[in-house]
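Report on one structure; see the data block that follows.
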Amino acid sequence: MTLSFKALESASPGESYSLTDILDAARFNADGLIPAIAQQHDSGEVLMMAWMSRDTLEETLHTGRVCYWSRSRNKPWRKGETSGQQQHLISAALDCDGDTLLLKVDQTGPACHSGRRSCFYVELKISGASITSAPLIDPAILYSSK
């Protein structure tokens, strides 16, 4: 029998399923990707959103170092491979529909390519938008020696 996320709605805490069955039931998009939200594990700060393939998710689970799928480069992207600003996995969870991941991570330095701690620094209001944080490091410096 094929596992479904609908069936998991009535599951009790402590019930276990194989990783293969859960990932087979997960809802990757037509490109084989699933959105992954990275959250700092101790503060709850939302750091970024990126995409993962099944292979990059499995690599992340096996190594503990977060690996995403780069849509622009069309290849795995190990967070921090060019900037040194790595993410180490604390925990991973799928949402109730199996179509979004939440990664609780320990982020080294800025998570955003702009040099900011979080990629979510443009606050929107009915009156307009404002920038909520400054870069921790100049991106030109962040990527210059890598």
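A few notes on this one:
- Distance between the 7 Å Cα→Cβ label points at residue 95 and residue 29: 1.3 nm.
- Helix 54-63 and the longest principal axis of the C-alpha atoms of the chain enclose an angle of approximately 80°.
- Applying a 4.7 Å Cβ-Cβ cutoff to the chain, the cysteines left without a disulfide-compatible partner are 67, 96.
- Surface composition of region 10-68: carbon plus sulfur atoms contribute 49% of the solvent-accessible area (1.4 Å probe, protein chains only, all chains present).
- Cβ charges +1 (Lys, Arg) and -1 (Asp, Glu), total dipole of region 1-127, debye: 600 debye
- Modelled FRET efficiency - R0 25 Å, residue 138 with residue 81, Cβ distances, 0.05 increments: 0.80
- Amide H contacts under 5 Å for residue 68, placed H, 5+ residues apart: 77, 78, 79
- By the Cα gyration tensor, region 38-85 has an equivalent ellipsoid whose semi-axes, rounded to whole angstrom, run 18, 13, 11 from largest to smallest.
- The candidate values were (1) 18.5, 66; (2) 14.9, 48; (3) 16.9, 53; the one computed from these coordinates for Rg and Dmax of the Cα atoms in Å carries the label (3).
- Coupling constants for region 121-126 follow from the phi torsions by the Karplus curve (6.51 cos²θ - 1.76 cosθ + 1.60, θ = phi - 60°), and in residue order they are 10, 9, 7, 9, 9, 4 Hz; glycine and proline get x.
- Note that the chain presents 59 Å² accessible area per residue, ligands and nucleic acids not counted, probe 1.4 Å.
The values are calculated or read from the model by the stated rules, or taken from the named source; none is laboratory data. Fair warning: this is a prediction, and the values are worked out from it, not measured in the lab. Methodologically, a virtual Cβ is constructed for each residue, glycine included, from the backbone with ideal geometry; neighbour enumeration extends over all protein chains shown. When the accessible area is computed, the model is the full protein with side chains, heavy atoms only, and any ligands, DNA or RNA have been set aside. Shrake-Rupley method; radii C 1.70, N 1.55, O 1.52, S 1.80 Å.
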